[in-house]
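Comments concern the structure below.
The values are calculated or read from the model by the stated rules, or taken from the named source; none is laboratory data. Here the structure is a predicted model, which means the values were calculated and not measured. Cβ placement follows ideal geometry from the backbone for every residue including glycine, while neighbour counts extend to all protein chains displayed. Ligands, DNA and RNA are stripped out before the accessible areas are found, and what is left, the full protein with its side chains, is counted by its heavy atoms. Shrake-Rupley method; radii C 1.70, N 1.55, O 1.52, S 1.80 Å.
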Amino acid sequence: MEFDALLLSRLQFVWVVAWHILLPAFTVGLASFIAVLEGLHFFTGKPVYFRLSGFWTKIFAVSFGMGVVSGIVMPFQFGTNWSRFSDATADVLSPLLAYEGLMAFFLESAFLGVLLFGRSLVPRWAHFVAALMVAFGTLFSSFWILATNSWMQTPAGYAIENGRFVPVDWMAIIFNPSFPYRLAHTVTGFYVTTGFVVLSVAAYYLRRGRFVEEARTMFSMTLWLLTVLVPLQILIGDLHGLNTREHQPAKLAAIEARWETASRVPLSLFAIPDQEAETNHFEIEIPLLGSLILTHDPNGTVQGLKDFPKDQRAPVIIPYFAFRIMVGLGLIMLAIVFVSWVLRLRRDLYITEWYLRLCQYAAPIGFVAVIAGWVTTEVGRQPWTVYGLMRTADSVTPSLSGTDVALSLAGYMIVYLIMYPAGGLMMMRLVKRGPADQHDDAVESGRPRGPVDALSHGQSGSEKAS
Amino acid sequence: MIDFVPLWTVILGLGVFLYVMLDGFDLGVGILYGFAPGREARNLVMNSIAPIWDGNETWLVLGIVGLLAAFPLAFAIIIPAVYFPILVMLLALVFRGTAFEFRFRDAEHRTFWDHAFNIGSGVATFAQGIVLGAFIQGFEVEGRHFVGSSFDCFTPFSIFTGIALLFGYGLLGAGWLILKTEGELQAWARRLGFRCFIGVGLAVAVVSVWTPLVDSRIAERWFSWPNIAYLAPVPIVTALLAIWEWRAIRGKAEVAPFAAAICLFAMSYLGVAISLWPMIVPHAFTLWEAASAPSTQAFLAVGTLFLLPVILMYTGWSYWVFRGKVRADIGYH
């Protein structure tokens, strides 16, 4: 059987990024949440914040560890499978990746050790600072990696010499046209994702009447946060869309499955796009709304895919549906937030069973939206790695055979299919045990307490007794 | 325009050495973990590196991204050439990295995670040794691409360097454990460390004879006049360090075994650098030929020269926080 090294390399990249992105989607928000809890505890001295911080730090430890090991895989992918892309773009992109490592990874990893195991060894303010540093680290990381990604979408500040990109203006490279929007949209998306996980855990405890004080604190805090962030995210997303229309019209046309350039276009709610026939089947549309949303003007013109050569179009069906999944989930999030206002006014927030159940089951909503958004933007960029300039087909490592990549992809699949379910299971167990179990087992001793004992307390009690 | 290549050679050289030294000892601890006597000992062994392994592994990211940034052509040739060792290393690191958290939380699969940590550490080390061996031997290059097969990197020499690195990291790991433990566990670390030391000694000797034999350019570098006079201190210092390490492991010293192991690594590292200088892709491209644009190197140098000392400072602080002997807590007997 013949394998195609290009296709398999793309699948491999999808596989390793898609799994990896779930972790920053969670840990970026969680690091900030923990820093806020540590800060609240530091300034108010209320033990509830302390218990919550300890509880979420343990969950953070599991997910962050998985994020680190799946993240180390990423820079190597550029070399192993995309060496021509690396060679061509390194002069422009590599400093951004290097600054990510220098500013973010060291900060996170050095202070994480102190955050996890150092509570009894450092003063309280230093522990709070460690939490802050970890949170800053995750945000710096988002900044640089999204600058890199955005440059691939909307390249700027470069010149081309002998087929390689060379830097001309670093500010233009970093703050390329789509970067501010992508950064705001992604980081807000990460915060919202974490918010819905915290909300879900709180709802789970409230429904069972366990850890009520902690659960109410989390539930209320998170709903206020989401009250601000969910509408804000919809606004940022809209601005991001305008930016895409300006800089990546072919991508926008693919997202909307719009074939003909026209003004006063309808909004497509559902369709089966047909790439070959250049048309849509079973289309359901709302008149005028397309122009209104995409251009903020009912008479606005939206470019169609037929304006672009066939070999410069993305596979329409994927961004079309991924985008609709993302937006649909965003609207569900907005509904959840809206209901919370009503319930708060009626003072029923913590006792409305159906709403608590809804919130509990909403845990994965942010993750799915993040993945859908990522698919929209990355598949929408195809067939390019550097939009309009370098083709994906010209980016792959020349020495690879299809069999090589089939073997490596199989390796990544097996390992991730062991690691991720195991990690997910462990986090669920931590949630089941709840915050009260761990309140001060990392603190009571004055010695450098081993993580073994600190972490296995309560769970492996039967073992200890023997 | 200033030539930034020497600066980047030093930064990258330092970064890779720090990685080898730091992740070297915690991978080594993972290798020795498999021989630890009983669960109590395993807990302590793992605890000794739990707060710092993640920071250590970060130097791998810096090394690889630094190579991409400073010498992108070398990155684009070398990494594809060692496709499978890199793959195996990454997968092994996934297992050993997640094993830290998972082992403590997943009591019914603890044996599985014990093995994941131990075998993962060993396999990652072996794969890095293969990368080293393949790098010393050089790659098949045409134009700006690696044109050999993805299996070229597996040779008797690279497999030998793979095994050699297992002993090397084992020695570093034993040095760390001697520093961090006491009593019986420390005696155990000394016994294993001594075996690793013998392995390292043999491996260094074999590689020192093997490389000049297979590569006349390396022989020329070391044995031609006047190089032989200038370079004679390298083997002499290495031999003296070996004697120091021998006495330190067999004696009572607690810091010296680790310090001597690091020095031995530094000398071996220097030896490889001398053999290959000034090539970054052996036999194909020099450091200058593979360098990125001066403005790229300049832009990154500004931040790096500021950030690297800061990183070393707070990394040093995080080690300081966890100083002293690791021991099971008083609350759990």
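Summary of values
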quantity: Test result for B:Val281, buried (at least 19 other Cβ atoms within 10 Å of the Cβ), of a type outside the set (D, E, K, R), touching a residue at least 60 places away in the same chain (Cβ under 8 Å) and within 29 Å of B:Gly324 (Cα to Cα); calculated: no
quantity: Checking A:Gly118 against (1) over 26 Å from A:Met66 (Cα atoms); (2) facing another protein chain (nearest Cβ under 9 Å); (3) in contact with a His (Cβ under 7 Å, 6 or more places away or on another chain), the condition it does not meet; calculated: (1)
quantity: Where a residue in segment B:179-197 is part of a helix (DSSP H, G or I) and its partner, wherever it lies, is of a type in the set (Ser, Thr, Tyr), with Cβ under 9 Å and at least six apart; calculated: B:Leu179/B:Ser48; B:Lys180/B:Ser48; B:Trp188/B:Thr181; B:Ala189/B:Thr181; B:Cys196/B:Tyr169
quantity: Residue ID - nearest to A:Ile318 (Cα to Cα), chosen from residues in segment A:338-366 that are surrounded by fewer than 20 Cβ atoms within 10 Å (Cβ to Cβ) and within 23 Å of the chain's Cα centre (by Cα); calculated: A:Pro364
quantity: Residue list for segment B:118-157, restricted to those being under 25 Å from B:Leu241 (Cα atoms) and of a type in the set (Ser, Thr, Tyr); calculated: B:Thr125
quantity: Meets criteria (within 19 Å of B:Phe197 (Cβ to Cβ) and buried (at least 18 other Cβ atoms within 10 Å of the Cβ)) for B:Ala266; calculated: no
quantity: Looking only at segment A:2-53, and only at residues there that are at negative phi and not in a helix (DSSP H, G or I), the one that is modelled with the lowest pLDDT; calculated: A:Glu2
quantity: Given (1) loosely packed, with under 13 Cβ neighbours inside 10 Å; (2) in contact with a Cys (Cβ under 9 Å, 6 or more places away or on another chain), index of the condition B:Trp244 fails; calculated: (1)
quantity: Residue within segment A:175-184 that is hydroxyl-bearing (Ser, Thr, Tyr), under 28 Å from A:Phe26 (Cα atoms) and more than 9 Å from chain B (Cβ to nearest Cβ) present; calculated: yes
quantity: A:Phe105 vs. criteria more than 22 Å from B:Val88 (Cα to Cα) and either facing chain B (nearest Cβ under 7 Å) or of a type outside the set (Phe, Trp, Tyr) (or both); calculated: yes
quantity: In segment A:97-137, the residues that are β-branched (Val, Ile, Thr), surrounded by fewer than 24 Cβ atoms within 10 Å (Cβ to Cβ) and in a helix (DSSP H, G or I); calculated: A:Val129
quantity: Any chance A:Thr377 is closer than 19 Å to A:Tyr191 by Cβ, within 23 Å of the chain's Cα centre (by Cα), in contact (Cβ under 8 Å) with a residue 60 or more places away in the chain and buried (at least 19 other Cβ atoms within 10 Å of the Cβ); calculated: yes
quantity: Some residue of segment A:161-183 being among the basic types (Lys, Arg) and either outside any helix (DSSP H, G or I) or closer than 30 Å to A:Phe50 by Cβ (or both); calculated: yes
quantity: Single condition A:Ser94 does not satisfy, out of (1) free of Cβ contacts under 8 Å to residues at least 60 places away in the same chain; (2) open to solvent by less than 10 Å² (accessible area, probe 1.4 Å); (3) under 30 Å from A:Arg119 (Cβ atoms); calculated: (3)
quantity: Counted residues, segment B:73-87 - those being under 13 Å from B:Ile130 (Cα atoms) and either open to solvent by less than 10 Å² (accessible area, probe 1.4 Å) or facing chain A (nearest Cβ under 7 Å) (or both); calculated: 7
quantity: Within segment A:403-429, tally of residues that are in contact (Cβ under 8 Å) with a residue 24 or more places away in the chain and within 11 Å of another protein chain (Cβ to nearest Cβ); calculated: 14
quantity: Test for B:Phe100: is it in a helix (DSSP H, G or I), more than 10 Å from chain A (Cβ to nearest Cβ) and under 19 Å from B:Leu172 (Cβ atoms); calculated: no
quantity: Positions within segment B:287-325 being within 21 Å of B:Leu67 (Cβ to Cβ), more than 7 Å from chain A (Cβ to nearest Cβ) and part of a loop (DSSP other than H, G, I, E, B), in sequence order; calculated: B:Leu287, B:Trp288, B:Glu289, B:Ala290, B:Ala291
quantity: Filtered residue count, segment A:246-289, keeping only those that are surrounded by 18 or more Cβ atoms within 10 Å (Cβ to Cβ), over 22 Å from A:Gln153 (Cβ atoms) and hydrophobic (A, V, I, L, M, F, W, C); calculated: 3
quantity: Output for segment B:22-62, where each listed residue is more than 10 Å from every other protein chain (Cβ to nearest Cβ) and surrounded by fewer than 22 Cβ atoms within 10 Å (Cβ to Cβ); calculated: B:Gly34, B:Phe35, B:Pro37, B:Gly38, B:Ala41
quantity: Search result, residues across segment B:97-132 that are among the β-branched types (Val, Ile, Thr) and open to solvent by 10 Å² or more (accessible area, probe 1.4 Å); calculated: B:Thr111, B:Ile119, B:Val123, B:Val131
quantity: Tally, over segment A:71-83, of residues that are more than 7 Å from every other protein chain (Cβ to nearest Cβ), assigned to a helix (DSSP H, G or I) and in contact (Cβ under 8 Å) with a residue 60 or more places away in the chain; calculated: 1
